[in-house]
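*Asks:* Here it is, the structure in full.
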Amino acid sequence: MNRRKFASNLSLATLSGLLGTRIVFANKAPNGYLPIALQDPDPFALFNKDKRMVVLNDKPWNIEAKAHLLNDKVTPNKYMFIRNNGRIPDTIDAKSWTLVIDGESVKNQKTYTLRELKAKFKHYTYQLTLECGGNGRSEFNPPAKGNQWTVGAVSCANWTGVRLRDILADVGVKNDAMYVGYHAADTHLSGDPNKEPISRGVPIAKAQQEETLLAFQMNGEDIPIAHGSPLRLVCGGWPASASGKWISRLSVRNKVHDGAKMGGSSYRVPCETVAPGSKVAEDDMCIIESMPVKSLITYPKSGALIKLDKSLLINGHAWAGELEVHNVEYSIDFGSSWSTCTLEKPINRLAWQHFKAVINFPKKGYYEVWARATDSKGISQPMVLPGWNPKGYLNNACHRIAVKVV
Amino acid sequence: MDDNLEKHRKQLIRPILLFLVLILLLFGGLFYVKHNPKILQSTETVVTKSFEEGEEEIVDGIHIETGFVEDEHMQLVIQNCTSCHSAKLVTQNHMSEEGWKATIKWMQETQNLWGLGENETKIITYLAKNYGPETKGRRENIEVIEWYELK
């Protein structure tokens, strides 16, 4: 008898005994429904993730990929990182799901069912890069607080949905609209029903972009539960926290949205650069918008041993927030000299681009292959850690893999 | 009559068997966990864990259930720092006394952490000692977990 069947033979009341807590509205839960805490507790099975993904945190769930797992041009769910701030909603019913559009700057508050959204507005699909603002945090010195992401909190999947701008046009937005803030169905870790785990958003200009979607599909299927089923705001090129999951309400604000994790040191960096370890006053912190230029060598996996007479094919992806990547170079001599990689154009704006190169090593020895991308404004990735900030955001230092030629 | 009895017997035998199997599974599981404490490090044991409260297995100076370094005041840290979030959120971080204090203050101001009273100093002492900052410089060496032959 497997665990899942074992659990299904128990009643909800028994389960709440096991959990040590009362399951609220247990009587309203659909027959056969299990609270997520008690569903298959193996996160890889629970979220359909590859076993080589790394669990950084299990309450809330934070799981990252490794560089070599991200080799696909379109990231499949099994290799997509999970960054949650709160608890995944206990009940998600797409049939009864509604989206409220409210806020100081809407002409008329309006509620749409998910079905209405799908029927009323044209569908679009874009491949969009989502990178956690804290990707690379583990390298900062002095260390920065939070989940210690290495390189794997980035993905580029196909997202299908309706344009937020079409919905905003339908409700009518006043001239003073400044920001769109999201509210979602996830719950606070403390269990306090009056607290939101996270409620961020984007300025109205980003909300009005063609690629900013309210998505209901990822890679052609309903969005997986951990990635925001049934409705996710997707704002490619910005810290992935701007792309709220399990969206139930969007507020069109006449000021910068003031929801949870919009202030303090959350997703904000010093407006002016500071020395490592500095204390920074709240007023001197600015919200992160477009993510910086970055690249990742996704093949081969670091640690490859190759024969001297063999050439090495490397490939990977590069992205640059709102901008396009102009070129990618590689170095095998610790940055002393650089060679150009072949770089593809993005399939659409805000999608990552693919690069490759064939390397011939001059003699035996230990090598590091470094990759460096440059964006359309001529800005490149740094070789060492970029500017320190209290929460360790925006580490776009060049990615390196180790190779031995034998 | 006999038929009826037989029917009852048949009706009863399944739940009784199921009950026995469950008891067997439960005690078998406990016995297994007792002798293979490392199993608790995996996240696959959410259900088992609820039976295991009070399990205080320490291996190589590490508290198996949470991953915390065994030291004075560890129990206070477990009691106060793992009820909302995973112990993993603590153990993957490294901060100075000042940093841990600021983190506690942030959690009290924004995340519903309760007042820690006289335990606060003890908790901060434990955290800063066992999870203090490591000097990493501006870029570390690449750590290769496993060299492999690339075909």
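*Asks:* Considering only residues that are within 14 Å of chain B (Cβ to nearest Cβ) and under 16 Å from the mean Cα position of the chain (by Cα), which ones fall in the range A:132-151?
*Replies:* If the condition is that a residue be within 14 Å of chain B (Cβ to nearest Cβ) and under 16 Å from the mean Cα position of the chain (by Cα), then A:134, A:136, A:137, A:146, A:147, A:148, A:149, A:150, A:151 are the ones that fit.
*Asks:* Further, regarding this structure: If a residue has to be open to solvent by 20 Å² or more (accessible area, probe 1.4 Å), part of a loop (DSSP other than H, G, I, E, B) and within 14 Å of another protein chain (Cβ to nearest Cβ) to count, how many in the range A:279-304 make the cut?
*Replies:* Qualifying residue count for the region: 5.
*Asks:* Check whether at least one residue in the range A:306-314 is within 22 Å of residue A:132 (Cβ to Cβ) and either of a type in the set (D, E, K, R) or more than 14 Å from chain B (Cβ to nearest Cβ) (or both), and report yes or no.
*Replies:* Within the range A:306-314, none of the residues are within 22 Å of residue A:132 (Cβ to Cβ) and either of a type in the set (D, E, K, R) or more than 14 Å from chain B (Cβ to nearest Cβ) (or both).
*Asks:* With respect to residue A:355, is the statement that it is more than 19 Å from residue B:142 (Cβ to Cβ) and buried (at least 16 other Cβ atoms within 10 Å of the Cβ) true?
*Replies:* Yes; evaluated as a whole, the condition is true for this residue.
*Asks:* Additional query: If a residue has to be aliphatic (A, V, I, L, M), in a loop (DSSP other than H, G, I, E, B) and on the phi < 0 side of the Ramachandran plot to count, how many in the range A:337-391 make the cut?
*Replies:* 6
*Asks:* Do we find a residue being of a type in the set (D, E, K, R), closer than 18 Å to residue A:56 by Cα and either in contact with a helix residue (DSSP H, G or I) (Cβ under 8 Å, 6 or more places away or on another chain) or within 13 Å of another protein chain (Cβ to nearest Cβ) (or both) anywhere in the range B:82-90?
*Replies:* yes
*Asks:* Report, by residue number, each residue of the range A:84-95 that is polar (S, T, N, Q) and either over 12 Å from residue A:62 (Cα atoms) or surrounded by fewer than 17 Cβ atoms within 10 Å (Cβ to Cβ) (or both).
*Replies:* Residue satisfying the conditions is A:91 alone.
*Asks:* Next up: Within the range A:305-326, is even one residue of a type outside the set (Val, Ile, Thr), under 16 Å from residue A:71 (Cα atoms), assigned to a strand (DSSP E or B) and open to solvent by 50 Å² or more (accessible area, probe 1.4 Å)?
*Replies:* Checked against the condition, which is being of a type outside the set (Val, Ile, Thr), under 16 Å from residue A:71 (Cα atoms), assigned to a strand (DSSP E or B) and open to solvent by 50 Å² or more (accessible area, probe 1.4 Å), the range A:305-326 yields at least one hit.
*Asks:* Now a separate question. Which of the numbered conditions does residue B:100 fail, given that it passes all the others? Conditions: (1) among the aromatic types (Phe, Trp, Tyr); (2) facing chain A (nearest Cβ under 8 Å); (3) closer than 22 Å to residue B:136 by Cα.
*Replies:* Only one criterion is unmet by residue B:100, namely (2).
*Asks:* Now for a different question. Take the range B:103-122 and flag every residue that is more than 10 Å from chain A (Cβ to nearest Cβ) and either in contact with a Leu (Cβ under 6 Å, 6 or more places away or on another chain) or over 28 Å from residue A:279 (Cβ atoms) (or both).
*Replies:* B:119, B:122
*Asks:* Anything in the range B:100-138 that is surrounded by 14 or more Cβ atoms within 10 Å (Cβ to Cβ), among the charged types (D, E, K, R) and at pLDDT 95 or above? List them, or say none.
*Replies:* B:101, B:120, B:122
*Asks:* Let me ask another. Would you mind stating whether residue A:187 is farther than 25 Å from residue A:293 by Cβ, open to solvent by 30 Å² or more (accessible area, probe 1.4 Å) and more than 17 Å from the chain's Cα centre (by Cα)?
*Replies:* yes
*Asks:* With the requirement that a residue be touching a His at 6+ places or on another chain (Cβ under 9 Å), assigned to a loop (DSSP other than H, G, I, E, B), open to solvent by less than 50 Å² (accessible area, probe 1.4 Å) and within 12 Å of chain B (Cβ to nearest Cβ), what does the range A:39-83 give you?
*Replies:* A:47, A:60
*Asks:* Looking at this structure, is residue A:129 surrounded by fewer than 21 Cβ atoms within 10 Å (Cβ to Cβ), part of a strand (DSSP E or B) and under 24 Å from the mean Cα position of the chain (by Cα)?
*Replies:* No: the conditions fail for residue A:129.
*Asks:* Do we have residue A:329 as of a type in the set (Asp, Glu) and more than 12 Å from chain B (Cβ to nearest Cβ) here?
*Replies:* Against the criterion (of a type in the set (Asp, Glu) and more than 12 Å from chain B (Cβ to nearest Cβ)), residue A:329 qualifies.
*Asks:* Additional query: Looking at (1) part of a helix (DSSP H, G or I); (2) within 12 Å of another protein chain (Cβ to nearest Cβ), find the lone condition where residue B:78 falls short.
*Replies:* Condition (2) is where residue B:78 drops out.
*Asks:* Next question. Open to solvent by 30 Å² or more (accessible area, probe 1.4 Å) and without any contact (Cβ under 8 Å) to a residue 24 or more places away in the chain, is that true of residue A:275?
*Replies:* Judged against the criteria, residue A:275 is not a match.
*Asks:* Determine which member of the set A:147, A:158 is assigned to a loop (DSSP other than H, G, I, E, B) and at pLDDT 95 or above.
*Replies:* A:147 is the lone residue from the list that is assigned to a loop (DSSP other than H, G, I, E, B) and at pLDDT 95 or above.
The values are calculated or read from the model by the stated rules, or taken from the named source; none is laboratory data. All figures in this text were calculated on a predicted structure; none of them were measured in a lab. Every residue, glycine as well, gets a Cβ built from its backbone with ideal geometry; the counts of neighbours run over all protein chains shown. Only protein heavy atoms, including side chains, enter the accessible area calculation; ligands, DNA and RNA are left aside. Shrake-Rupley method; radii C 1.70, N 1.55, O 1.52, S 1.80 Å.
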